[in-house]
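What follows is a set of notes on a single structure, which appears directly below.
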Amino acid sequence: MPGIARRTRTAGHRTLPAVLLSALLLSVGCTAAIGDDCSSDAQCPAGSYCDKTMPDGLCTIADCRPGKCPDESVCIEFDNGQSFCMAACNADGDCRDGWSCIKEIGLWPFCSVRK
């Protein structure tokens with residue numbers, strides 16, 4: 001009829017809330033951890049940074065103290081006196097691809113690139 005506006009529904013109106021909800025749930029479920037790969041500090045947990053000198057980057061915390069690293073990570077002091085929070089592990093399978101569980105240094109096993 002002329003002069004009467006009709007409203008039509010489109011599928012887009014119903015799917016937008018579902019898409020937004022899915023994105024929110026995914027962002028909550030994907031939290032970065034010490035030891036994860038990264039290319040910027042924003043990809044790492046709060047209080048940590050992306051060490052880009054490591055292959056594919058490494059989320060870590062420098063100058064840590066034993067017992068003060070986040071869950072699932074340990075403070076490792078290296079031969080040069082520097083200490084970093086590193087991902088804790090029990091076996092190579094606990095580490096990201098290309099990394100190994102190092103058990104020969106320090107008191108706790110940790111993930112690192114094996115040279």
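Quick note: the coordinates plus some simple rules give every number you see, no bench work behind them. If you're wondering where the values come from, they're calculated on a predicted model, not measured in any experiment. All Cβ positions, glycine included, derive from the backbone under ideal geometry; neighbour counts span all protein chains shown.
Phi-derived couplings, Karplus 6.51 cos²θ - 1.76 cosθ + 1.60 at θ = phi - 60°, listed residue by residue for segment 78-87: 8, 4, 7, x, 7, 10, 9, 6, 10, 4 Hz, with x used for Gly and Pro.
For segment 41-112, the average shadow cast by the Cα convex hull is 4.8 nm², which is a quarter of the hull's surface.
What are the GluC sites (Glu not before Pro) within segment 24-115 that DSSP puts in a loop, where the Cβ has at most 14 other Cβ atoms within 10 Å? Sites meeting the loop and neighbour criteria: E72, E104.
Taking other Cβ atoms within 10 Å as a rough exposure proxy, M86, M54 sort from fewest to most as M54, M86.
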